[in-house]
1. Within region 197-206, how many residues are modelled with pLDDT of 90 or more, open to solvent by 50 Å² or more (accessible area, probe 1.4 Å) and either of a type outside the set (S, T, N, Q) or under 16 Å from Arg234 (Cα atoms) (or both)?
2. Could you look through region 409-433, keep only residues that are surrounded by 15 or more Cβ atoms within 10 Å (Cβ to Cβ) and more than 25 Å from the chain's Cα centre (by Cα), and pick out the one that is nearest to Val324 (Cα to Cα)?
3. Just the residues that are in contact with a Lys or Arg (Cβ under 6 Å, 6 or more places away or on another chain), more than 20 Å from Asp368 (Cα to Cα) and buried (at least 22 other Cβ atoms within 10 Å of the Cβ), please, taken from region 214-253.
4. So which pairs qualify, if the first residue must be in region 127-154 and within 11 Å of Leu174 (Cα to Cα) and in a loop (DSSP other than H, G, I, E, B), the second must be at pLDDT 95 or above and open to solvent by less than 50 Å² (accessible area, probe 1.4 Å), the Cβ gap must be under 6 Å, and the two must be at least 6 apart or on different chains?
5. Go through Leu171, Leu186, Leu164 for me and flag whichever is modelled with pLDDT of 95 or more, outside any loop (DSSP other than H, G, I, E, B) and either more than 30 Å from Leu75 (Cβ to Cβ) or of a type in the set (D, E, K, R) (or both).
6. Taking region 116-152 on its own, how many of its residues are open to solvent by 30 Å² or more (accessible area, probe 1.4 Å) and farther than 28 Å from Leu52 by Cβ?
7. Being open to solvent by 40 Å² or more (accessible area, probe 1.4 Å) and at pLDDT below 85: is that true of Arg292 here?
8. Considering only residues that are of a type in the set (Gly, Ala, Ser) and without any contact (Cβ under 8 Å) to a residue 40 or more places away in the chain, which ones fall in region 21-65?
Amino acid sequence: MQTRLPMGIENFKRIRTEGYYYVDKTGLIRDLLQNQAYVSLFTRPRRFGKTLNMSMLKYFFEIESDIMPFNNATLFDGLEIAKESELCEKNMGRFPVISITLKGATGVNFEEARGMLRHIIGNEAMRFQFLLQSVRLTEMERRRYEALISIDKRGAYTMSDELLKSSLQTLSQLLHKHYGQSVVMLIDEYDVPLDKAYQSGYYDSMVELIRVLFGNAFKTNDSLHFAVLTGCLRISKESIFTGLNNFNVYTVKDVQYNEYFGFTDTEVRQMLEYYGFKDQYDAVREWYDGYRFGELNVYCPWDVVSYCHALKMEPSTEPQNYWVNTSSNDIIRRFLSRAKTADRNEIEQLINGNSIRKRIHQELTYRDLDSGPDNLWSILFTTGYLTQCSAQTGDEMELVIPNREIRWIFIQQFREWFRWETIRNTEKLESFCKAFQENDTDAIEEGFNAYLKKTISIRDSNTRKAMKENFYHGILLGLFANMDGWDVQSNAESGDGYSDISVEIEDQEMGIIIELKYAEKAAFDAACQEALDQINDRNYAERLIDDGMTTIRRYGIACYKRRCKVISGGTDEK
């Protein structure tokens, strides 16, 4: 019987005990112990296995008595780390572990976010209620622990602001004294509170809180054995890690640990073969591979698992965009809104499969994000929207879009930006759309060419003609969507096929049929005629006539790069 796919499951124990497929990343434990730093920070894009790895570390190191009665050693049977018998004997189940995620430490204002941080740390402290009766603690120390977990009538934690700032240090000191063993501290998504604070306008207050919290936990804490943090961005050391020595950061540029976040090609092949999907390997590689961490190409785990799950449900399923649905893509929208024409031209180069050279700054503060497009290029790189395609030379890096899925995200976000840009000039937009009603092909052509100059062209030779046509199709749909009284249909069944775009203007009883073609080698006239022939041969007007439209206009539109040609196929009047 096949093991189940771990869709959205980030708990290591659950995966290992409930029959889920697991890609062995336990070599991370060995490498961490052999190259141990006081504090290690791993930055990777979202959905690359950071949280699952942190859960794995927790179950490996945590002492099994009191709060962990389950024999955790069995979770690692048959895995890579089990081969390291000496390391396991010395470290497995030997440490108190504090493990939190700051993903939820957010709010519309600082007070709300600070309350969520209290909640997160208070909940973790609640796991150690045996400290209330610990004979190894003094009465004063037990009261300090009680203050960490004290709640009011609403169930909200009441620890003071000062106690919150020292809460991780205090909890580690109490656990150290109870067990006689220093603490392993795991902090997942460390940068999320700063991201949300920046977006909501309380960044300075959150930076100060996180700086003091981390300073107490890491810099002045003799009860800390070592700590591991994960996040998407490498926040400037001067921002929140001031004065911290023995602090190692491992980013997507580094060779160390690169195989432990994301799936390698071998791991993907093994998974596909296990589930009987090895025939889909090429599609999986095209859509979800292409991220370069150090000198290793890796796949996005979330995408691979999601697609395998979809294939199990329906074997004919085509690859889809899974990563885009896991979080917002505000960073691309922010980039496009601030980018100059030259920057948008470089985005076009990337979308068309080319590379660009940029200076990448990995250590930033959130204030740097809006200081210029150069820093936004760096954020696009560190968050996984771009990847390096060769080793870095000097201060610059060769960047590409990693795969087809991310390319699709860029195109969609460009369309969204373009839509907002166009609707700002409603008079121009309405004039363009009404030209279709008036059968004014010159105005249509002039207007569409003007809009195309603001957007991008799809000219990658590896891109199928149908995808190029779909791009222009999407632009025109976006323009029409702003017209009141227009019922716009895309790929609607009519006659003997599916028309690209059909419009019904009910108060005028007018129907508009548009077929778009990509004009290979700028053969505009031939492409326009092909479009009109298709409209007539497949009787696309039938549905509009059945719906009571008495005036039918037909247009064949051919597009190439940022140019178009429009030919009218005449008008039917009834």
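1. Selection size over region 197-206: 2.
2. The selected residue is Thr422.
3. Thr230
4. Listed pairs, sorted by first residue: Ser134/His178; Arg136/His178.
5. Leu164
6. Here the count works out to 16.
7. The answer is no for Arg292.
8. Matches in region 21-65: Ser65 only.
The values are calculated or read from the model by the stated rules, or taken from the named source; none is laboratory data. Everything quoted here is computed from the prediction, not taken from an experiment. Positions of Cβ are backbone-derived with ideal geometry, glycine not excepted, and every protein chain shown enters the neighbour counts. Note: accessible area is taken over every heavy atom of the protein model, side chains too, but ligands, DNA and RNA are not part of it. Shrake-Rupley method; radii C 1.70, N 1.55, O 1.52, S 1.80 Å.
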